[in-house]
1. Collect the residues in segment 107-129 that are within 16 Å of the ligand (Cβ to nearest atom) and within 11 Å of residue 262 (Cα to Cα), keeping them in residue-number order.
2. Every residue in segment 287-315 that is buried (at least 16 other Cβ atoms within 10 Å of the Cβ) and assigned to a loop (DSSP other than H, G, I, E, B), please.
3. Across segment 203-219, which residue is farthest from the ligand (Cβ to nearest atom) among those that are under 17 Å from residue 88 (Cα atoms) and assigned to a loop (DSSP other than H, G, I, E, B)?
4. Yes or no: residue 99 in the same structural domain as residue 210 (by TED's automatic domain parsing) and either of a type in the set (A, V, I, L, M, F, W, C) or farther than 30 Å from residue 376 by Cβ (or both)?
5. Any idea how many residues of segment 161-183 are within 16 Å of the ligand (Cβ to nearest atom), closer than 20 Å to residue 360 by Cα and not acidic (Asp, Glu)?
6. Which residue out of 284, 242 is surrounded by 20 or more Cβ atoms within 10 Å (Cβ to Cβ) and closer than 17 Å to residue 75 by Cβ?
7. Out of (1) in a helix (DSSP H, G or I); (2) of a type in the set (A, V, I, L, M, F, W, C); (3) in contact with an Asp or Glu (Cβ under 9 Å, 6 or more places away or on another chain), what's the single condition that is false for residue 247?
8. For segment 317-356, name all the residues that are within 22 Å of residue 194 (Cβ to Cβ) and either in the same structural domain as residue 187 (by TED's automatic domain parsing) or of a type in the set (Ser, Thr, Tyr) (or both).
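The values are calculated or read from the model by the stated rules, or taken from the named source; none is laboratory data. This one's a predicted model, so the numbers in the text were calculated from it and none came from an experiment. Every residue, glycine among them, receives a Cβ derived from its backbone with ideal geometry; neighbour counts consider all protein chains shown.
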Amino acid sequence: MSITPLMPVYPRCGVRPVRGEHCHLIDEDGTRYLDFASGIAVNLLGHSHEGLIRAIQEQAATLMHVSNLYGSPQGEALAQQLVDNTFGDTAFFCNSGAEAVETAIKTARAYHQHEGGDENRTELITFANAFHGRTMATISASNQTKMHKGFRPLLRGFMYSEFDDLDAVKELINERTAGFLVEPIQGEGGIRPASQEFMTGLRALADEHDLMLVLDEVQCGVARTGKLYAHEHYGIEPDILATAKGIGGGFPLGACIATEKAARGMGFGTHGSTYGGNPLAMAAGKAVLDTVANEEFLAEVTEKGERIRTRLEQFIGNYPDLFELVRGKGLMLGIKMKVESRPFFVHLRDNHQLLMVAAGDQTLRVLPPLVIGDAEIEEFFDKLSAGAASYAIPEAA
Ligand SMILES: *Cc1c(COP(=O)(O)O)cnc(C)c1O
(Lines give C-alpha, C1' and ligand atoms only; values in the text may rest on other atoms or scores of the structure.)
Protein backbone atom coordinates (compact mmCIF):
# COMPACT_ATOMS: atom_id res chain seq x y z
CA MET A 1 0.00 0.00 0.00
CA SER A 2 1.50 3.34 -0.94
CA ILE A 3 -1.42 5.73 -0.29
CA THR A 4 -1.14 7.57 3.01
CA PRO A 5 -3.87 7.09 5.62
CA LEU A 6 -4.51 10.84 5.39
CA MET A 7 -5.82 11.17 1.82
CA PRO A 8 -3.00 12.90 -0.07
CA VAL A 9 -4.98 15.82 -1.48
CA TYR A 10 -2.76 18.43 0.19
CA PRO A 11 0.99 18.69 -0.47
CA ARG A 12 1.72 19.24 3.22
CA CYS A 13 4.91 20.96 4.32
CA GLY A 14 7.29 20.01 7.13
CA VAL A 15 5.78 22.41 9.66
CA ARG A 16 3.68 20.32 12.04
CA PRO A 17 2.04 22.63 14.59
CA VAL A 18 0.88 21.12 17.83
CA ARG A 19 0.21 24.22 19.92
CA GLY A 20 -0.84 27.83 19.42
CA GLU A 21 -0.02 30.84 21.59
CA HIS A 22 -1.66 34.11 20.58
CA CYS A 23 -0.05 34.92 17.18
CA HIS A 24 2.48 32.08 17.19
CA LEU A 25 2.35 28.40 16.28
CA ILE A 26 4.66 25.90 17.93
CA ASP A 27 5.85 22.90 15.97
CA GLU A 28 6.29 19.29 17.17
CA ASP A 29 10.00 19.97 17.65
CA GLY A 30 9.39 23.22 19.55
CA THR A 31 10.10 25.70 16.73
CA ARG A 32 8.05 28.90 17.05
CA TYR A 33 6.50 30.45 13.95
CA LEU A 34 4.94 33.88 13.62
CA ASP A 35 1.51 33.21 12.14
CA PHE A 36 0.59 35.76 9.47
CA ALA A 37 -1.68 33.24 7.73
CA SER A 38 -4.20 32.62 10.54
CA GLY A 39 -5.25 29.24 9.14
CA ILE A 40 -6.12 31.19 5.98
CA ALA A 41 -8.06 34.06 7.52
CA VAL A 42 -9.69 31.86 10.18
CA ASN A 43 -8.03 32.49 13.56
CA LEU A 44 -9.20 36.10 13.94
CA LEU A 45 -8.58 36.06 17.68
CA GLY A 46 -5.27 34.24 17.46
CA HIS A 47 -4.68 30.80 18.93
CA SER A 48 -5.37 30.92 22.64
CA HIS A 49 -8.05 33.54 23.08
CA GLU A 50 -9.47 33.12 26.57
CA GLY A 51 -13.00 34.24 25.75
CA LEU A 52 -13.30 31.88 22.79
CA ILE A 53 -11.85 28.94 24.71
CA ARG A 54 -14.12 29.53 27.68
CA ALA A 55 -17.21 29.85 25.47
CA ILE A 56 -16.46 26.54 23.75
CA GLN A 57 -15.50 24.74 26.97
CA GLU A 58 -18.60 25.86 28.82
CA GLN A 59 -20.92 25.03 25.94
CA ALA A 60 -19.23 21.65 25.39
CA ALA A 61 -19.90 20.82 29.03
CA THR A 62 -23.52 22.00 28.80
CA LEU A 63 -24.87 20.83 25.44
CA MET A 64 -22.89 20.00 22.32
CA HIS A 65 -25.35 18.95 19.68
CA VAL A 66 -29.08 18.70 19.24
CA SER A 67 -31.10 18.16 16.10
CA ASN A 68 -32.55 21.03 14.10
CA LEU A 69 -35.89 19.34 14.74
CA TYR A 70 -35.89 21.15 18.11
CA GLY A 71 -36.06 24.81 18.95
CA SER A 72 -32.69 26.52 19.07
CA PRO A 73 -32.25 29.36 21.56
CA GLN A 74 -28.52 29.42 20.66
CA GLY A 75 -29.18 29.62 16.92
CA GLU A 76 -31.86 32.26 17.33
CA ALA A 77 -29.50 34.41 19.38
CA LEU A 78 -26.60 34.24 16.90
CA ALA A 79 -28.92 34.79 13.93
CA GLN A 80 -30.33 37.84 15.71
CA GLN A 81 -26.79 39.11 16.30
CA LEU A 82 -26.00 38.76 12.57
CA VAL A 83 -29.29 40.41 11.59
CA ASP A 84 -28.62 43.29 13.99
CA ASN A 85 -25.14 43.85 12.56
CA THR A 86 -25.70 43.33 8.82
CA PHE A 87 -27.99 44.04 5.86
CA GLY A 88 -29.70 40.68 6.41
CA ASP A 89 -33.04 39.65 7.86
CA THR A 90 -32.35 35.93 8.26
CA ALA A 91 -29.43 33.48 8.52
CA PHE A 92 -28.90 29.78 7.83
CA PHE A 93 -26.05 28.11 9.72
CA CYS A 94 -23.75 25.48 8.28
CA ASN A 95 -20.22 24.26 8.89
CA SER A 96 -17.96 25.62 6.17
CA GLY A 97 -17.47 28.20 3.45
CA ALA A 98 -18.42 25.92 0.58
CA GLU A 99 -21.66 25.01 2.34
CA ALA A 100 -22.41 28.68 2.92
CA VAL A 101 -21.88 29.39 -0.79
CA GLU A 102 -23.99 26.35 -1.71
CA THR A 103 -26.79 27.71 0.43
CA ALA A 104 -26.37 31.12 -1.20
CA ILE A 105 -26.60 29.56 -4.68
CA LYS A 106 -29.73 27.62 -3.70
CA THR A 107 -31.27 30.73 -2.15
CA ALA A 108 -30.67 32.75 -5.34
CA ARG A 109 -32.14 30.03 -7.55
CA ALA A 110 -35.10 29.51 -5.24
CA TYR A 111 -35.84 33.24 -5.30
CA HIS A 112 -36.64 32.97 -9.00
CA GLN A 113 -38.22 29.52 -8.81
CA HIS A 114 -40.53 30.69 -6.05
CA GLU A 115 -44.18 31.06 -6.91
CA GLY A 116 -44.63 34.22 -8.95
CA GLY A 117 -40.95 34.28 -9.92
CA ASP A 118 -39.43 33.46 -13.30
CA GLU A 119 -38.29 29.84 -13.12
CA ASN A 120 -36.17 30.18 -16.25
CA ARG A 121 -33.78 32.42 -14.37
CA THR A 122 -31.35 29.72 -13.25
CA GLU A 123 -27.88 31.04 -14.15
CA LEU A 124 -25.44 32.87 -11.94
CA ILE A 125 -22.73 35.03 -13.47
CA THR A 126 -19.43 34.33 -11.70
CA PHE A 127 -15.94 35.75 -12.17
CA ALA A 128 -12.53 34.79 -13.49
CA ASN A 129 -10.13 33.43 -10.87
CA ALA A 130 -12.84 33.25 -8.24
CA PHE A 131 -12.64 30.71 -5.45
CA HIS A 132 -15.86 29.53 -3.83
CA GLY A 133 -14.91 26.16 -2.31
CA ARG A 134 -14.42 22.53 -3.33
CA THR A 135 -17.91 21.02 -3.54
CA MET A 136 -19.35 20.26 -6.98
CA ALA A 137 -21.43 23.43 -7.13
CA THR A 138 -18.68 25.67 -5.86
CA ILE A 139 -16.01 24.32 -8.24
CA SER A 140 -18.54 24.64 -11.07
CA ALA A 141 -18.99 28.29 -10.07
CA SER A 142 -15.30 28.98 -10.69
CA ASN A 143 -13.62 29.16 -14.10
CA GLN A 144 -10.42 27.64 -12.66
CA THR A 145 -10.01 24.47 -14.69
CA LYS A 146 -7.35 23.09 -12.34
CA MET A 147 -10.13 22.49 -9.82
CA HIS A 148 -12.36 20.80 -12.42
CA LYS A 149 -9.90 18.22 -13.65
CA GLY A 150 -11.10 14.69 -12.91
CA PHE A 151 -14.47 15.78 -11.55
CA ARG A 152 -16.64 16.23 -14.62
CA PRO A 153 -19.50 16.67 -15.28
CA LEU A 154 -19.70 20.10 -13.72
CA LEU A 155 -22.99 21.52 -12.54
CA ARG A 156 -24.73 23.70 -15.08
CA GLY A 157 -25.92 27.22 -14.43
CA PHE A 158 -22.74 29.29 -14.18
CA MET A 159 -21.54 31.84 -16.72
CA TYR A 160 -17.99 33.13 -16.30
CA SER A 161 -17.23 36.80 -16.73
CA GLU A 162 -14.05 38.82 -16.34
CA PHE A 163 -13.62 40.19 -12.82
CA ASP A 164 -14.03 43.92 -12.31
CA ASP A 165 -15.28 44.43 -15.88
CA LEU A 166 -18.85 45.72 -15.91
CA ASP A 167 -19.15 45.71 -19.71
CA ALA A 168 -18.29 42.00 -19.81
CA VAL A 169 -21.05 41.37 -17.25
CA LYS A 170 -23.62 43.35 -19.19
CA GLU A 171 -22.95 41.28 -22.28
CA LEU A 172 -23.69 38.06 -20.40
CA ILE A 173 -27.02 39.10 -18.88
CA ASN A 174 -29.98 37.44 -20.59
CA GLU A 175 -33.40 36.01 -19.77
CA ARG A 176 -31.83 33.04 -17.96
CA THR A 177 -29.70 35.14 -15.61
CA ALA A 178 -30.57 34.71 -11.93
CA GLY A 179 -27.88 36.88 -10.37
CA PHE A 180 -24.19 37.45 -9.66
CA LEU A 181 -21.89 35.55 -7.32
CA VAL A 182 -18.79 37.56 -6.51
CA GLU A 183 -16.04 38.03 -3.92
CA PRO A 184 -15.81 41.79 -3.20
CA ILE A 185 -12.12 41.14 -2.58
CA GLN A 186 -10.82 38.04 -4.32
CA GLY A 187 -8.79 36.01 -1.84
CA GLU A 188 -7.26 32.95 -3.52
CA GLY A 189 -7.23 34.96 -6.76
CA GLY A 190 -4.58 37.27 -5.28
CA ILE A 191 -6.16 39.75 -2.79
CA ARG A 192 -7.78 41.74 -5.56
CA PRO A 193 -10.40 44.25 -4.37
CA ALA A 194 -13.20 44.98 -6.83
CA SER A 195 -13.41 48.62 -7.87
CA GLN A 196 -16.10 50.91 -6.51
CA GLU A 197 -17.65 51.25 -9.99
CA PHE A 198 -17.83 47.48 -10.35
CA MET A 199 -19.64 46.88 -7.07
CA THR A 200 -21.98 49.84 -7.53
CA GLY A 201 -22.58 48.70 -11.10
CA LEU A 202 -23.45 45.13 -10.09
CA ARG A 203 -25.92 46.44 -7.52
CA ALA A 204 -27.55 48.69 -10.14
CA LEU A 205 -27.74 45.86 -12.70
CA ALA A 206 -29.28 43.56 -10.09
CA ASP A 207 -31.91 46.18 -9.26
CA GLU A 208 -32.63 46.89 -12.92
CA HIS A 209 -33.09 43.22 -13.93
CA ASP A 210 -34.45 41.77 -10.65
CA LEU A 211 -31.28 39.71 -10.10
CA MET A 212 -29.73 38.47 -6.87
CA LEU A 213 -26.44 40.05 -5.84
CA VAL A 214 -24.73 37.22 -3.96
CA LEU A 215 -21.47 38.02 -2.18
CA ASP A 216 -18.92 35.42 -1.17
CA GLU A 217 -17.37 37.03 1.90
CA VAL A 218 -16.01 33.77 3.25
CA GLN A 219 -12.45 35.18 3.28
CA CYS A 220 -12.94 38.97 3.35
CA GLY A 221 -15.80 39.02 5.88
CA VAL A 222 -15.96 39.14 9.69
CA ALA A 223 -13.90 42.26 10.47
CA ARG A 224 -10.92 41.19 8.34
CA THR A 225 -10.97 44.40 6.28
CA GLY A 226 -11.88 46.80 9.11
CA LYS A 227 -15.61 46.53 8.40
CA LEU A 228 -17.71 43.65 9.67
CA TYR A 229 -18.33 42.78 6.00
CA ALA A 230 -16.26 44.08 3.09
CA HIS A 231 -19.21 45.29 1.01
CA GLU A 232 -19.69 48.05 3.60
CA HIS A 233 -16.59 49.72 2.12
CA TYR A 234 -18.51 50.12 -1.12
CA GLY A 235 -21.69 51.52 0.39
CA ILE A 236 -23.81 48.80 -1.19
CA GLU A 237 -25.80 45.91 0.23
CA PRO A 238 -26.11 42.43 -1.23
CA ASP A 239 -29.26 40.30 -1.32
CA ILE A 240 -27.44 37.21 -0.11
CA LEU A 241 -24.04 36.73 1.55
CA ALA A 242 -21.92 33.70 2.39
CA THR A 243 -19.71 33.92 5.48
CA ALA A 244 -17.45 31.36 7.17
CA LYS A 245 -13.69 31.14 7.91
CA GLY A 246 -13.22 33.81 10.62
CA ILE A 247 -16.74 33.67 12.01
CA GLY A 248 -15.99 30.68 14.25
CA GLY A 249 -12.49 31.91 15.12
CA GLY A 250 -11.23 28.39 14.36
CA PHE A 251 -14.37 26.43 15.17
CA PRO A 252 -16.08 25.17 11.96
CA LEU A 253 -18.97 27.53 11.25
CA GLY A 254 -20.51 29.08 8.17
CA ALA A 255 -23.66 31.03 7.46
CA CYS A 256 -25.75 32.26 4.58
CA ILE A 257 -27.31 35.62 5.36
CA ALA A 258 -30.16 36.99 3.22
CA THR A 259 -32.80 39.68 3.08
CA GLU A 260 -36.39 38.63 3.62
CA LYS A 261 -37.11 39.19 -0.06
CA ALA A 262 -34.12 37.15 -1.26
CA ALA A 263 -34.99 34.26 1.07
CA ARG A 264 -38.57 33.95 -0.12
CA GLY A 265 -37.87 30.53 -1.65
CA MET A 266 -36.29 29.06 1.48
CA GLY A 267 -39.31 27.77 3.38
CA PHE A 268 -39.87 24.65 5.48
CA GLY A 269 -38.11 21.58 4.14
CA THR A 270 -36.15 23.32 1.37
CA HIS A 271 -32.71 23.02 2.95
CA GLY A 272 -30.96 21.61 5.97
CA SER A 273 -27.83 20.44 7.74
CA THR A 274 -27.47 17.96 10.58
CA TYR A 275 -24.70 19.85 12.38
CA GLY A 276 -25.60 23.31 11.11
CA GLY A 277 -26.27 25.69 13.97
CA ASN A 278 -25.29 23.26 16.73
CA PRO A 279 -24.93 24.91 20.15
CA LEU A 280 -21.14 24.47 20.23
CA ALA A 281 -20.66 26.34 16.93
CA MET A 282 -23.14 28.98 18.05
CA ALA A 283 -21.13 29.57 21.23
CA ALA A 284 -17.95 30.02 19.18
CA GLY A 285 -19.68 32.39 16.74
CA LYS A 286 -21.09 34.44 19.59
CA ALA A 287 -17.70 34.75 21.29
CA VAL A 288 -16.17 35.96 18.01
CA LEU A 289 -18.93 38.44 17.17
CA ASP A 290 -19.04 39.75 20.76
CA THR A 291 -15.36 40.59 20.31
CA VAL A 292 -15.17 41.93 16.75
CA ALA A 293 -18.58 43.42 15.92
CA ASN A 294 -18.05 46.82 17.49
CA GLU A 295 -16.61 50.13 16.30
CA GLU A 296 -13.58 50.04 18.61
CA PHE A 297 -12.36 46.67 17.39
CA LEU A 298 -13.01 47.50 13.74
CA ALA A 299 -11.18 50.83 14.10
CA GLU A 300 -8.17 48.99 15.51
CA VAL A 301 -8.13 46.61 12.55
CA THR A 302 -8.24 49.58 10.18
CA GLU A 303 -5.46 51.35 12.05
CA LYS A 304 -3.18 48.30 12.18
CA GLY A 305 -3.93 47.56 8.53
CA GLU A 306 -2.99 51.08 7.46
CA ARG A 307 0.17 51.00 9.54
CA ILE A 308 1.30 47.68 8.04
CA ARG A 309 0.38 48.79 4.55
CA THR A 310 2.35 52.05 4.77
CA ARG A 311 5.41 50.21 6.06
CA LEU A 312 5.04 47.49 3.44
CA GLU A 313 4.89 50.08 0.68
CA GLN A 314 8.12 51.64 1.95
CA PHE A 315 9.72 48.23 2.41
CA ILE A 316 9.00 46.88 -1.07
CA GLY A 317 10.76 49.92 -2.55
CA ASN A 318 14.03 48.42 -1.23
CA TYR A 319 13.53 45.31 -3.37
CA PRO A 320 12.25 46.47 -6.77
CA ASP A 321 13.25 43.15 -8.35
CA LEU A 322 11.09 41.17 -5.92
CA PHE A 323 7.98 43.19 -5.20
CA GLU A 324 5.55 45.13 -7.35
CA LEU A 325 2.77 46.54 -5.18
CA VAL A 326 0.62 46.16 -2.09
CA ARG A 327 -3.14 45.83 -2.30
CA GLY A 328 -6.14 44.90 -0.16
CA LYS A 329 -8.01 46.41 2.76
CA GLY A 330 -7.54 46.33 6.52
CA LEU A 331 -5.69 43.18 7.58
CA MET A 332 -6.40 41.43 4.28
CA LEU A 333 -3.33 42.53 2.36
CA GLY A 334 -1.47 41.10 -0.59
CA ILE A 335 2.03 41.79 -1.84
CA LYS A 336 2.11 41.27 -5.57
CA MET A 337 5.54 39.98 -6.48
CA LYS A 338 7.52 40.27 -9.69
CA VAL A 339 8.54 36.64 -9.32
CA GLU A 340 6.62 33.53 -8.24
CA SER A 341 5.36 34.09 -4.68
CA ARG A 342 5.32 30.42 -3.66
CA PRO A 343 9.09 29.82 -3.39
CA PHE A 344 9.46 33.07 -1.43
CA PHE A 345 6.75 32.08 1.02
CA VAL A 346 8.49 28.70 1.47
CA HIS A 347 11.76 30.57 2.13
CA LEU A 348 10.11 32.78 4.77
CA ARG A 349 8.55 29.74 6.40
CA ASP A 350 11.57 27.46 6.44
CA ASN A 351 14.37 29.97 7.01
CA HIS A 352 12.69 32.77 8.97
CA GLN A 353 9.79 31.04 10.78
CA LEU A 354 7.26 33.40 9.25
CA LEU A 355 4.00 31.82 8.08
CA MET A 356 2.19 33.51 5.21
CA VAL A 357 0.13 32.15 2.31
CA ALA A 358 0.70 32.39 -1.41
CA ALA A 359 -2.21 33.21 -3.73
CA GLY A 360 -2.87 33.60 -7.44
CA ASP A 361 -1.36 36.40 -9.52
CA GLN A 362 2.10 36.01 -7.86
CA THR A 363 0.74 37.34 -4.60
CA LEU A 364 1.85 36.80 -1.03
CA ARG A 365 -1.02 37.11 1.44
CA VAL A 366 -0.67 39.03 4.71
CA LEU A 367 -3.44 37.64 6.93
CA PRO A 368 -2.45 38.03 10.58
CA PRO A 369 -4.81 37.37 13.47
CA LEU A 370 -6.81 40.58 13.94
CA VAL A 371 -5.53 40.76 17.54
CA ILE A 372 -1.86 41.34 16.59
CA GLY A 373 -0.05 43.95 18.62
CA ASP A 374 2.98 46.17 18.09
CA ALA A 375 5.41 43.41 19.07
CA GLU A 376 4.06 41.04 16.39
CA ILE A 377 4.12 43.79 13.76
CA GLU A 378 7.79 44.50 14.58
CA GLU A 379 8.59 40.80 14.47
CA PHE A 380 6.84 40.53 11.11
CA PHE A 381 8.91 43.28 9.54
CA ASP A 382 12.11 41.90 11.05
CA LYS A 383 11.44 38.48 9.55
CA LEU A 384 10.21 39.80 6.23
CA SER A 385 13.24 42.10 5.85
CA ALA A 386 15.65 39.33 6.77
CA GLY A 387 13.82 37.02 4.36
CA ALA A 388 13.96 39.46 1.46
CA ALA A 389 17.65 40.22 2.11
CA SER A 390 18.60 36.53 2.17
CA TYR A 391 16.43 35.48 -0.78
CA ALA A 392 18.01 34.16 -3.94
CA ILE A 393 15.41 34.18 -6.73
CA PRO A 394 15.31 30.62 -8.09
CA GLU A 395 16.26 30.12 -11.74
CA ALA A 396 13.12 30.01 -13.88
CA ALA A 397 12.18 26.38 -14.51
C1 LIG B 1 -12.05 29.44 1.71
C2 LIG B 1 -13.10 29.99 0.82
C3 LIG B 1 -14.25 29.25 0.52
C4 LIG B 1 -14.45 27.81 0.94
O5 LIG B 1 -14.48 27.67 2.32
P6 LIG B 1 -14.35 26.18 2.96
O7 LIG B 1 -14.61 26.41 4.41
O8 LIG B 1 -12.97 25.70 2.67
O9 LIG B 1 -15.37 25.33 2.31
C10 LIG B 1 -15.22 29.85 -0.26
N11 LIG B 1 -15.07 31.11 -0.71
C12 LIG B 1 -13.98 31.85 -0.43
C13 LIG B 1 -13.89 33.25 -0.94
C14 LIG B 1 -12.95 31.31 0.33
O15 LIG B 1 -11.84 32.03 0.57
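1. 107, 108
2. 293
3. Among those residues, the one meeting the criterion is 211.
4. yes
5. Qualifying residue count, segment 161-183: 3.
6. On inspection, the qualifying residue turns out to be 284.
7. (3)
8. Initial filter on segment 317-356 (within 22 Å of residue 194 (Cβ to Cβ)): 324-337, 341.
Correct list: 341 only.
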